[in-house]
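Student: The structure's right below; bear with me while I get my questions together.
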Amino acid sequence: MIHQLIKRLNVPCPPMLEEALDYPGNARYVAFYEAPNGEMRYDDGTISADGDWLAWLIFVNHPCIAPMLRGPHFHASAQGARRWLLLDREARALYVGEREEINRLLYSQSPGDLPFGLSREEMEALVERVRETFKRECQPLSLVELHEAMAQRNQLLVDLRVWLDAFLSEGLRDLSCEEASLEG
C-alpha cells in the first residue's frame, strides 16, 4: 500500500486551519511542516510557500494537538522535518507521515501541466505577463486597509485558539494515532 506510512490523527481539525496557516490553494490534500530555515511551510504538490508561523505555533502547541506531534522527527532539523502534518480538506481529517510518502500523495493530485520545457522566449513572455499583472493588481494598502487586514488576521488567530479550547473543554481527551489509508 503506497500510503502505509501515513497515520490518521484522532485530533480536532479546526474549520479555519488552512486559512489561519495562510494556505491559499484549493487542493484536497495540503501538508504543513517546519522547514530547515525555521519557517513553517505548506505544500500541496503545486503550491509551496511559507505559512503563518504564529498560527502554526498556536496549533501545534495546543494541549489537544501537541501530544500527537511530539518527537524529534516532526520538528525541523538542518534537513527539515522528516514527518509532516497532512490535512485532507474534504474529510476535515489530519494525518502525520514521512515527508517522502506525503510528497508522493501531494504530487499525485497535481495536474502535471506545469510550464516545464518552455523556450527562453516563452519563459521571458511569461515572466513579463506576471510582472504586468502584479503591477496592475497589487496596489499598496492604505493605513486603514492595513489596520483592517491586521485586525482580521488577529481575529482569525483568536478564533483558532477559541475553537481548539472549546474542543478540549468538551472532554474529548482520548486522542490517539490510528492507521489510515488515504486512497480514494
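The values are calculated or read from the model by the stated rules, or taken from the named source; none is laboratory data. Note that this is a predicted model, so its numbers are computed, not measured. Counting neighbours? That spans all protein chains shown, and the Cβs are built from the backbone with ideal geometry, glycine included.
Student: List pairs: first in region 7-30 and closer than 19 Å to G97 by Cβ, second surrounded by 19 or more Cβ atoms within 10 Å (Cβ to Cβ) and among the acidic types (D, E), Cβ under 8 Å, 6+ apart or cross-chain?
Tutor: Here the result reads L21/D52; Y23/D44; A27/D44; Y29/D44; V30/E18; V30/D43; V30/D44, each pair linking region 7-30 to a residue that is surrounded by 19 or more Cβ atoms within 10 Å (Cβ to Cβ) and among the acidic types (D, E).
Student: May I ask you to verify whether A31 is surrounded by 14 or more Cβ atoms within 10 Å (Cβ to Cβ), small (G, A, S) and within 12 Å of the chain's Cα centre (by Cα)?
Tutor: yes
Student: For region 36-49, which positions are loosely packed, with under 14 Cβ neighbours inside 10 Å and over 12 Å from the mean Cα position of the chain (by Cα)?
Tutor: P36, N37, G38
Student: Grab the helices (runs of 4 or more DSSP H) fully contained in region 79-178, keeping just those with 1 or more residues being touching a helix residue (DSSP H, G or I) at 6+ places or on another chain (Cβ under 8 Å) and at pLDDT 75 or above.
Tutor: The helices (runs of 4 or more DSSP H) meeting that bar are 143-169.
Student: Okay, moving on. Taking region 1-49 on its own, how many of its residues are part of a loop (DSSP other than H, G, I, E, B), out of contact with any helix residue (DSSP H, G or I) (no Cβ under 9 Å at 6 or more places or on another chain) and of a type in the set (A, V, I, L, M)?
Tutor: Result for region 1-49: 3.
Student: Which one of these does D44 not meet: (1) acidic (D, E); (2) modelled with pLDDT under 90; (3) touching a strand residue (DSSP E or B) at 6+ places or on another chain (Cβ under 8 Å)?
Tutor: (2)
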